[in-house]
Every structure is written in structure tokens, then in C-alpha cells.
1. Sequence-distant or interchain residues sharing an amide H contact under 5 Å with Thr66, placed H: which?
2. For the chain, what relative contact order do you get, as a whole percent, if you take Cα pairs closer than 8 Å and at least 6 residues apart?
3. Would you grab the residues whose amide H sits under 5 Å from the one on Arg54? Only those 5+ places off in sequence or on another chain, please, with H modelled 1.01 Å from N.
4. Quick one: with all protein chains in place, what share of the accessible area of the chain is carbon or sulfur, to the nearest percent (1.4 Å probe)?
5. Across bins of 10 angstrom width beginning at 0, how are the C-alpha pair distances of the range 60-181 distributed, in whole percent?
6. Please work out the average accessible area per residue across the chain, using the 1.4 Å probe convention, and give it in Å².
7. Report, in deg cm²/dmol and to the nearest 500, the calculated mean residue ellipticity at 222 nm for the chain, where each DSSP H run with n ≥ 4 adds -39500 (n - 2.57) and the sum is divided by the residue count.
8. Classify the range 2-231 from the C-alpha gyration tensor, please: rounded if a/c falls under 1.5, else prolate or oblate depending on whether a/b exceeds b/c.
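The values are calculated or read from the model by the stated rules, or taken from the named source; none is laboratory data. Bear in mind that the values here come from a model prediction, so they are computed numbers and not experimental data. Note: accessible area is taken over every heavy atom of the protein model, side chains too, but ligands, DNA and RNA are not part of it. Shrake-Rupley method; radii C 1.70, N 1.55, O 1.52, S 1.80 Å.
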Amino acid sequence: MLEICDLVCGYGGVTALRGISLDVKLGQLVALIGANGAGKSTALRAISGLVPPRSGSMVFDGRNITGARPPRVLACGIAHCPEGRKVFPHMSVEENLMMGAYLRTSKAEIVADRDRIYADFPRLAERRRQAAGTLSGGEQQMLAIGRALMSRPRLIMFDEPSLGLAPNIVERTFAIIRRIRDAGTTVLLVEQNAFAALEMCDNAYLLESGKIVLSGPGKQLIENEHVRKAYLGG
Ligand code: ATP
């Protein structure tokens, strides 16, 4: 579904990705793991069109999205749930959700999706008129996920969804991500919590200093000695 080939990108003098290739197959949950600064967020930003590639190619669903601007990437069916949640703090919960649907035209379908999200996240329904900036971290994470889902993506990318959340909320967030995959949406997940990511994914890639050094089924990477020592605490 998404095929990235030899992608190089960076910021000014910094080369963050040094030629990465990866495949995300339809219906899979694919995890991208690695240490701080390995380039995971940059990979998601590059796919979204937020960081221009220096070389390499990205094809989504047969369409070349290399160098495409963010609105086009979104229109192709890719949603990005960024690190730090990044909800619009002065807008209400409902307005944030509606922003996720700004490229869609069918009012009835938008309302039906909004109501489904409220049914899934009753806390958001209760706070629908409240400014998003006043929500707790966990609620903002739910809102960021809901907003991404409002674009009806075919591929949804999560950047560190567990960051800064209480353990019970982390569990809930991971359960929601699994459910999104089980409902048929393809997922690309960037996670610091390597064990959780490897356990729930179909396939995983390990990024070190801007290069993919290992890939395979999550369960296989959990057994890998290097992964165990460097990322799973032995
Ligand atoms: P983290 O989990 O800390 O976000 P990461 O694996 O997602 O780590 P990136 O954020 O993609 O890593 O960063 C990869 C490299 O690019 C790092 O060396 C980082 O310092 C650099 N970098 C990231 N964003 C910028 C930026 N806006 N300007 C300059 N350099 C950046």
C-alpha cells in the first residue's frame, strides 16, 4: 500500500534519514521503533509532506507522493496523528474534530463519523463544547486520534501516542489503535515503547541513526538479541 524506497531527507545540515526503504501492506499494523533522534518522526513527516525528500521515492496506492504537499497526501487517504498531540487549543473539541474532515463534502457522513467517535470516546462527547486546550493529556490524545479518523484515512500514522500518558491511558490508547487496524484501516505506528509496539504489530522496522537496520514480524524482533539488549532491557 505504501512503498518507500531509498528515502533521504533532513533539516539544513542534518541528514535525518539516510536512505530508508520500507513497505506497509494493506490492513497491517506496522511499527517503526528506535531510540530518540533515530529519525522516526522525520519518516512520518516526510510521508505527510511536511519535510521534503532529498532523494528516493514514496508510492501510496500506486500514486507517487514523493514531494507532494500535505493537503494532497491527506487527500490521498493518509492521516498523521503527530507527536505531542497538537490539537487546536482555543477551538472546541467538536471544532477540532470537524477540522479533521475539512476535505470531505458529505455532511451526513461527516456527522455519522463524528457521532461514532463520540460513542467510542464518551469523554469527548461530554466535553464537546469545551476548549481543547483545557483537556487532560489523555483526552487530548483521544481528540487527536478522533480528528485523524475524521478524515476517513486509509492509512493512519501515529507518532508516539503513549508519550506522557498515565499507564492505564496508555493501555487504552494501544487498544484503540489495535481496534482501528482490526476495523480495516492500515496503521503506521512510531513508538518509544518498543515492547508494546512489537507485540501489537504485524511487521516492524528498527531505525538507528537514520537507517533501517532490522525488519520483520514483531514477534521475531522481540526474540532478536540486539533488539532485546538495546531496546527491551535485556
Ligand atoms: P524522537 O523520538 O526524539 O522524536 P525520532 O527518532 O523521531 O526521535 P527525529 O525527530 O526524526 O527522531 O530526528 C532525527 C534527527 O533529525 C535528529 O538528529 C534530530 O536532532 C534532527 N531534527 C529533527 N527535527 C529537526 C528540525 N526541525 N531541525 C533540525 N534538526 C532536526
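1. Met58
2. 28 percent
3. Val8, Cys9, Gly10
4. It is 52 percent, rounded to a whole number.
5. P(r) for the range 60-181, in whole percents per bin: 13, 45, 33, 8, 0.
6. Ligands and nucleic acids excluded, the result is 46 Å² per residue.
7. -11000 deg cm²/dmol
8. prolate
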